[in-house]
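Worksheet for the structure shown next.
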Amino acid sequence: MNPGGGGPPIVRQMLPLDIPWTPTTDAMEPQGGLRGGPRVCITCSPGDLVEGEPDCANGYVDAYNGGCNSTPNVVGEIRCGRTVCGKYGTFLSATGANFRDTDWYQFTINQASDVTWTATGEATTRVFILQGTCPAVSLGTASAAACAPATVTLTNLPAGTYYAFVATEVFTGVPCGTPYRATLTTSTCCTAALARAGDLPENEPLCQNGYVDATNGGCNSTPNVFGITACGITVAGTYGTYLSPGGANFRDTDWYRFTLERTGTVRWTAVGEARTRVYILQAACPTTTLGTAVADPCLPATVTLTNLAPGTYYAFVGTDVFSGVPCDSRYRATLSTTDCPCPADWDRNGLLTPADVAAFVSNWFATLTGGC
Ligand SMILES: [Ca+2]
Ligand SMILES: [Ca+2]
Ligand SMILES: [Ca+2]
Ligand SMILES: [Ca+2]
């Protein structure tokens, strides 16, 4: 089985990452219907990328992500840790030949990595990882029955750009619009930037060209608008770069307001998939910069301010650059202060030490003396 095709060089095409996934009635279709049996097993998840290709049909021409099978060649994109929710199927070409919808996702690794591409669909599913200009070379392939994962794993794959391919195994008999989910993982994925249980979701839409930040653009938004954070909170967010409605290079900036109740040390640290810039700023707009830091992808950018006076401040996180960063790039950012409501930190110095025991005892007897 070969993904096939030929033609001119690949044209990059971004996935429509800004389209939020919304439930459809796919999973509720009567079993035994068009899909030929009880093989309804795919449900998109809210965090999935949406493929966005039109459903195929007889006479369909894939100008969306058909890879080397399309003229000109077009591909989607996927990155490590992402799952795409897509659709595939089979159809008759304009000349009456049996065709299948093939979906090609380009990805790049910056260092040698173990790479796994796995797809599960509601029909027998074929996956490939390929490399090179069309016709691309297969580096690995697998297939699996409906509702079972078809998985290719390549170890120590050199840095470079590759294609992850998913399609039906067969060329006839699979209704267009049959769903699949496919996930790319790599051993060098920046897991430090990925959301964890207990994180506070940022809840800003993904940026895109023409985007206007009305969520948390801080002093860059009109009117000014802020997220909220507090000591001990880790925000899981997204950032990236885009073109403003006027065509200028913009970055998504995320501003979180916090209040310090007593003088103390404040630490603001962020890890992101792109080179990351953080600030702590004195409220209100226009602000005064109190501290800033920058770090390469997957490394922490940290600002620490000591003896910060009580008041209202802004913690800022954004990409360091203004172009070239995908809008679904992710970060985690944590605020910690000596005012953190840690129950065991009795002397409120931000550390748990034996001194906290003494502070507890002192507080205990002071309370007794106070008569409560
Ligand atoms: Ca498709
Ligand atoms: Ca396609
Ligand atoms: Ca954001
Ligand atoms: Ca923002």
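The values are calculated or read from the model by the stated rules, or taken from the named source; none is laboratory data. This is a predicted model, so every value here is computed, not measured. Don't worry about glycine lacking a Cβ; one is built from the backbone with ideal geometry, like all the others, and counts go over all protein chains shown. Surface accessibility is based on the protein's heavy atoms, side chains included, excluding ligands, DNA and RNA. Shrake-Rupley method; radii C 1.70, N 1.55, O 1.52, S 1.80 Å.
Within region 237-259, residues that are within 29 Å of D199 (Cα to Cα) and of a type in the set (D, E, K, R) have Cβ atoms under 6 Å from residues that are in a strand (DSSP E or B) and more than 16 Å from ligand 2 (Cβ to nearest atom) in these pairs: R251/T241; R251/G318; R251/T319; D252/Y239; D254/G237; D254/V317; R257/I228; R257/Y314, counting only partners at least 6 apart in sequence or on another chain. Just one residue in the set L243, L260 is among the hydrophobic types (A, V, I, L, M, F, W, C) and within 25 Å of the chain's Cα centre (by Cα); that residue is L243. Filtered by the rule that a residue be of a type in the set (S, T, Y), closer than 22 Å to Y211 by Cα and either crowded, with 24+ Cβ neighbours inside 10 Å or away from ligand 4 (no atom under 13 Å from the Cβ) (or both), region 251-276 gives Y256, T276. Entry remark, region 227-244: residues being open to solvent by less than 20 Å² (accessible area, probe 1.4 Å) and either assigned to a loop (DSSP other than H, G, I, E, B) or within 16 Å of ligand 1 (Cβ to nearest atom) (or both) number 3 in total. Looking at region 36-120, the strands (runs of 3 or more DSSP E) lying wholly inside it that each contain 3 or more residues that are modelled with pLDDT of 95 or more and not aromatic (F, W, Y) sit at 74-77, 83-88, 102-109. It is to be established whether one or more residues within region 118-131 are without any contact (Cβ under 8 Å) to a residue 60 or more places away in the chain, among the polar types (S, T, N, Q) and within 16 Å of ligand 1 (Cβ to nearest atom). Yes, because at least one residue in region 118-131 is without any contact (Cβ under 8 Å) to a residue 60 or more places away in the chain, among the polar types (S, T, N, Q) and within 16 Å of ligand 1 (Cβ to nearest atom).
What residue, among those in region 68-106 that are more than 27 Å from the chain's Cα centre (by Cα) and aliphatic (A, V, I, L, M), is surrounded by the most Cβ atoms within 10 Å (Cβ to Cβ)? The extreme case among them is L92. Pairs linking a residue in region 87-106 that is of a type in the set (A, V, I, L, M) to a residue that is open to solvent by 10 Å² or more (accessible area, probe 1.4 Å) and within 16 Å of ligand 4 (Cβ to nearest atom), with Cβ atoms under 7 Å and 6 or more positions apart or on different chains, do not occur.
Would you please name the residue that is farthest from G140 (Cα to Cα), looking only at residues in region 164-216 that are surrounded by 17 or more Cβ atoms within 10 Å (Cβ to Cβ) and charged (D, E, K, R)? Here the answer is D213.
Screening the candidates V321, V271 for the property of being touching a helix residue (DSSP H, G or I) at 6+ places or on another chain (Cβ under 8 Å) and closer than 24 Å to R79 by Cα yields one hit, V271. Look at (1) closer than 30 Å to T191 by Cβ; (2) at pLDDT 95 or above; (3) away from ligand 4 (no atom under 12 Å from the Cβ) and you find that A248 fails only one, number (1).
Only one of the listed residues (E169, E204) is within 16 Å of ligand 1 (Cβ to nearest atom) and at pLDDT 95 or above. That residue is E169. Only one of the numbered conditions (1) surrounded by fewer than 22 Cβ atoms within 10 Å (Cβ to Cβ); (2) part of a loop (DSSP other than H, G, I, E, B) is not met by T153, and that is (2).
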